[in-house]
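Below you'll find the structure, written out as structure tokens, and then a few comments.
The values are calculated or read from the model by the stated rules, or taken from the named source; none is laboratory data. Treat the numbers as computed from the prediction; the structure is a model and nothing was measured. Reconstructed Cβ throughout: ideal geometry from the backbone, glycine too, with neighbour counts over all protein chains shown.
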Amino acid sequence: MEFEILQMMKQAAGTKFSHRQIGKIIDREGYRENPHWARPILEFMLCQRLIWKEEVSYFYPTDEQRDELRRKEARSAAGAVKQS
């Protein structure tokens with residue numbers, strides 16, 4: 001199931017989804033039984049840094065978003081070195 005979720009999110013990179021939306025898109029029958037079934041899988045993928053989370057939405061970052069994060073991290077690391 002993790003692979004299907006990741007594949008769907010890669011196709012819509014940058015689009016934010018709730019755990020319920022993803023559950024409904026991937027497995028409608030599973031969603032009817034438990035609308036929160038996708039949440040543990042998404043949290044696991046979040047811990048592995050395969051996807052990102054903003055407030056209550058999960059998304060697969062675009063290349064531009066990843067580049068921006070790297071630039072921010074590099075700036076903050078350079079600032080920490082100067083302060084030392």
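Which one is nearest to residue 58 (Cα to Cα), of the residues in segment 12-37 that are of a type in the set (S, T, N, Q) and within 13 Å of the chain's Cα centre (by Cα)? Full working, then the answer.
Keep residues of segment 12-37 that are of a type in the set (S, T, N, Q), which gives 15, 18, 21, 34.
Still in the running and within 13 Å of the chain's Cα centre (by Cα): 15, 18.
Details: 15: 8, 18: 6 Å.
Selected residue: 18.
Report, by residue number, each residue of segment 1-17 that is among the hydrophobic types (A, V, I, L, M, F, W, C), within 24 Å of residue 69 (Cβ to Cβ) and assigned to a loop (DSSP other than H, G, I, E, B).
12, 13
From the set of residues in segment 18-37 that are touching a helix residue (DSSP H, G or I) at 6+ places or on another chain (Cβ under 7 Å) and outside any helix (DSSP H, G or I), which is surrounded by the most Cβ atoms within 10 Å (Cβ to Cβ)?
Looking at the filtered set, the residue picked out is 37.
Residues to consider are 69, 46, 42; find the one that is in contact (Cβ under 8 Å) with a residue 24 or more places away in the chain and either at positive phi or among the hydrophobic types (A, V, I, L, M, F, W, C) (or both).
Exactly one of 69, 46, 42 is in contact (Cβ under 8 Å) with a residue 24 or more places away in the chain and either at positive phi or among the hydrophobic types (A, V, I, L, M, F, W, C) (or both), namely 42.
Yes/no per residue for (1) at pLDDT 95 or above; (2) hydrophobic (A, V, I, L, M, F, W, C):
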{"position": "42", "(1), (2)": "yes, yes"}
{"position": "45", "(1), (2)": "yes, yes"}
{"position": "56", "(1), (2)": "no, yes"}
{"position": "61", "(1), (2)": "no, no"}
{"position": "67", "(1), (2)": "no, no"}
{"position": "83", "(1), (2)": "no, no"}
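Of the residues in segment 38-68, how many are assigned to a helix (DSSP H, G or I) and under 14 Å from the mean Cα position of the chain (by Cα)?
Of the residues in segment 38-68, 12 are assigned to a helix (DSSP H, G or I) and under 14 Å from the mean Cα position of the chain (by Cα).
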